[in-house]
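The values are calculated or read from the model by the stated rules, or taken from the named source; none is laboratory data. Nothing here was measured: the structure is a model prediction, and the numbers come from that model. A quick note on method: Cβ atoms are made from the backbone with ideal geometry, for glycine too, and the neighbour counts reach across all protein chains shown.
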Amino acid sequence: MIRSDAELLRAHLDGDRRAFGELVDRHSSYLWTVARRSLDSREDAAEAVQDALLRAHQRAAGYRGEATVRSWLVRIVVNACLDRHRRNQARPAVPVGGTEFETLPAPRDPIADHELHLVVQRALAELPVEQRMVIVLVDLLGYPVGEVADMLEIAPGTVKSRGARGRARLAELLRPGARETVGEAR
């Protein structure tokens, strides 16, 4: 019998040692996607997801059932990403001799698609983190504005304005001729 997310969370709270692991297995790739699109590096994304899952495990009793368990987990991941971003701003990482640690998956389509993906990722990285989070959650992952407002603990109007400003900035960064300069000022 397949248990619902809420049943798994309740079972975890009741002492079922496998329930939380099942919940993680069910949602880990989605949570990874949220973190990866929100942060600049794979390492930061991995640490944010790990931090978020630890918090969720420890604070499962705090789940109030106002949103789906998946949305609750996404909110915790988003908060972990924001924490990691703030930490990186306070202590920026120093690149190691120009070595590129990140390897991206092989493109499904021609090289142009791969290059476009990189340009879009760089352009997203140029946005302020508040705008980037809204773009990732609303535009890339398809969450409704109201749910994103709840996740980020801001007003729906703020979600809309951050999204509009973020989209406008992305449009500037991605317009023909601007592509070559995205990410060079870093």
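For this structure, a couple of remarks:
- Under the condition of being over 19 Å from Arg84 (Cα atoms), crowded, with 18+ Cβ neighbours inside 10 Å and not acidic (Asp, Glu), the residues counted in region 133-147 number 2.
- Pairs, first assigned by TED's automatic domain parsing to the domain that holds Ala56 in region 9-27, second of a type in the set (Phe, Trp, Tyr) and in a helix (DSSP H, G or I), C-beta under 6 Å, six or more apart: His12/Phe20
- Enumeration of residues in region 3-47 that are acidic (Asp, Glu) and within 19 Å of Gly62 (Cβ to Cβ): Asp5, Glu7, Asp14, Asp16
- The residue that is farthest from Ala123 (Cα to Cα), counting only those in region 158-186 that are modelled with pLDDT of 70 or more and either in contact with a His (Cβ under 7 Å, 6 or more places away or on another chain) or of a type in the set (S, T, N, Q) (or both), is Thr158.
- In region 55-94, the qualifying residues are those that are β-branched (Val, Ile, Thr) and in a helix (DSSP H, G or I), and the one that is farthest from His12 (Cα to Cα) is Val78.
- Region 21-42 - residue that is over 18 Å from Ser4 (Cα atoms) and among the hydroxyl-bearing types (Ser, Thr, Tyr) and, of those, surrounded by the most Cβ atoms within 10 Å (Cβ to Cβ): Ser38
One line per residue, one yes/no per condition, for (1) in the same structural domain as Ala19 (by TED's automatic domain parsing); (2) within 24 Å of Pro128 (Cβ to Cβ); (3) surrounded by fewer than 20 Cβ atoms within 10 Å (Cβ to Cβ); (4) at pLDDT below 90:
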site: Asp44; (1), (2), (3), (4): yes, yes, no, no
site: Glu47; (1), (2), (3), (4): yes, yes, yes, no
site: Leu54; (1), (2), (3), (4): yes, no, yes, no
site: Ala61; (1), (2), (3), (4): yes, no, yes, no
site: Arg64; (1), (2), (3), (4): yes, no, yes, yes
site: Thr68; (1), (2), (3), (4): yes, no, yes, no
site: Arg75; (1), (2), (3), (4): yes, yes, no, no
site: Ala80; (1), (2), (3), (4): yes, yes, no, no
site: Arg91; (1), (2), (3), (4): yes, yes, yes, yes
